[in-house]
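This report concerns only the one structure given below.
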There are 2 protein chains.
Amino acid sequence: MESQDLKRAGLKATLPRLKILRFLEESDQRHMSAEEVYKALLEAGEEVGLATIYRVLTQFEAAGLVTRHHFDEGHSVFELNLGEHHDHIVCVRCGRVDEFVDEVIEARQHRIAEEKGYEMTDHALYIYGVCPECRKAGGRRTRAEGRG
Amino acid sequence: MESQDLKRAGLKATLPRLKILRFLEESDQRHMSAEEVYKALLEAGEEVGLATIYRVLTQFEAAGLVTRHHFDEGHSVFELNLGEHHDHIVCVRCGRVDEFVDEVIEARQHRIAEEKGYEMTDHALYIYGVCPECRKAGGRRTRAEGRG
DNA sequence: GGCTGGAATGAGAAGATTTCGCATTTAGAA
DNA sequence: TTCTAAATGCGAAATCTTCTCATTCCAGCC
């Protein structure tokens with residue numbers, strides 16, 4: 001039961017929090033903005049205020065239930081933590097997101113932090129590119145493609 | 001002369017663009033938000049509208065003169081491109097930013113993009129942690145530290 | 001060196017995302 | 001069931017960024 005997950009995370013098992021957590025678990029979308037969660041819940045007949053969505057997602061992040069990402073858009077997207085860490089490769093044309101894990105990169109990151117004297121708390125690696133479908137399709141480009 | 005740099009980048013050499021470019025070159029801060037550029041120019045007696053700062057920085061980005069970063073704050077920061085690529089390690093307490101290059105990571109990123117069928121256009125690697133000074137100092141923590 | 005057309009700028013409004021303040025409701029323990 | 005602190009909902013507000021459009025400026029041409 002999800003309410004146990006919330007309690008374990010140190011959060012009171014309120015209805016809005018349960019709805020949000022259940023929705024994140026059941027959605028086939030892995031990466032969702034606060035707005036998207038809000039609208040999806042609305043459509044499902046579950047009314048949760050937008051401010052609450054933001055508050056709850058931030059609490060979930062602090063509790064380690066979700067991770068907040070800053071892709072090259074203007075807003076945060078959230079992803080349910082399923083245990084395994086991974087990084088992301090994002091299509092700059094269609095927004096598609098694929099995931100990958102690379103142990104070599106992981107290891108070198110730790111080593112770099114250590115060399116610099118940092119106590120590493122987190123890291124984020126985003127590869128941007130044109131996904132296979134968009135390469136076949138060709139076509140217009142977005143601002144993000146103009147980067148160095 | 002900077003106006004040549006602008007022309008070469010395909011941009012008309014206007015006064016605001018020159019001021020902004022010169023400022024980025026002369027500043028000892030490597031990473032600046034639009035707001036910071038705006039205020040710094042104001043203090044230097046160079047009045048450039050904030051909207052222009054945003055427009056120009058976006059053009060500079062498209063022209064490859066600067067790179068836009070999304071650290072874990074709510075806004076973009078810009079960095080003058082000096083040729084060499086590098087990644088960043090950011091202190092979650094004080095905001096200090098160090099840079100590093102790791103050829104192994106670079107190579108693996110290319111390989112991953114290739115394996116996934118992506119045509120890589122860019123990538124961003126941020127390591128977050130507590131910098132040596134803040135580790136010595138101890139003390140309060142920020143939201144970003146609560147991540148997975 | 002002045003003239004001209006189209007591009008660039010400035011100022012403020014507007015848009016987008018996120019947070020805040022506070023009255024009301026709710027979870028969970030007594 | 002009753003109670004209290006915590007959570008929620010709503011709208012206002014804060015923050016960051018883009019847009020609109022009248023005015024100004026750059027660059028080529030005389």
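The values are calculated or read from the model by the stated rules, or taken from the named source; none is laboratory data. Quick caveat, the model's predicted, so the values are computed rather than measured. No Cβ is skipped: glycine too gets one built from the backbone with ideal geometry, and neighbour counts run over all protein chains shown. Heads up: the accessible areas ignore ligands, DNA and RNA and are worked out on the full protein's heavy atoms, side chains in. Shrake-Rupley method; radii C 1.70, N 1.55, O 1.52, S 1.80 Å.
Tabulated values for the structure
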item	result
Hits in the range B:32-44 - residues which are away from DNA strand D (no atom under 12 Å from the Cβ) and either within 14 Å of chain A (Cβ to nearest Cβ) or over 18 Å from the mean Cα position of the chain (by Cα) (or both)	B:L42, B:E43, B:A44
Breaking point among (1) of a type outside the set (D, E); (2) within 28 Å of B:P16 (Cβ to Cβ); (3) open to solvent by 60 Å² or more (accessible area, probe 1.4 Å); (4) more than 16 Å from DNA strand D (Cβ to nearest atom), for B:H110	(2)
Matching entry among A:I89, A:I112 (being more than 10 Å from DNA strand C (Cβ to nearest atom), touching a His at 6+ places or on another chain (Cβ under 9 Å), in the same structural domain as A:I127 (by TED's automatic domain parsing) and of a type outside the set (D, E, K, R))	A:I89
Filter result for the condition that a residue is modelled with pLDDT of 90 or more and more than 7 Å from chain B (Cβ to nearest Cβ), over A:E61, A:E79	A:E79
Residue within the range A:45-63 that is within 28 Å of A:C134 (Cα to Cα), within 16 Å of DNA strand D (Cβ to nearest atom) and surrounded by fewer than 16 Cβ atoms within 10 Å (Cβ to Cβ) present	no
Among residues of the range A:44-69, those that are under 20 Å from B:D72 (Cα atoms) and more than 11 Å from DNA strand C (Cβ to nearest atom), counted	7
Subset of the range B:1-43 (residues that are crowded, with 16+ Cβ neighbours inside 10 Å, within 12 Å of DNA strand C (Cβ to nearest atom) and charged (D, E, K, R))	B:R17, B:K19
Members of the range A:2-17 found to be away from chain B (no Cβ under 14 Å), within 11 Å of DNA strand D (Cβ to nearest atom) and under 20 Å from the mean Cα position of the chain (by Cα), listed by number	A:L6, A:P16, A:R17
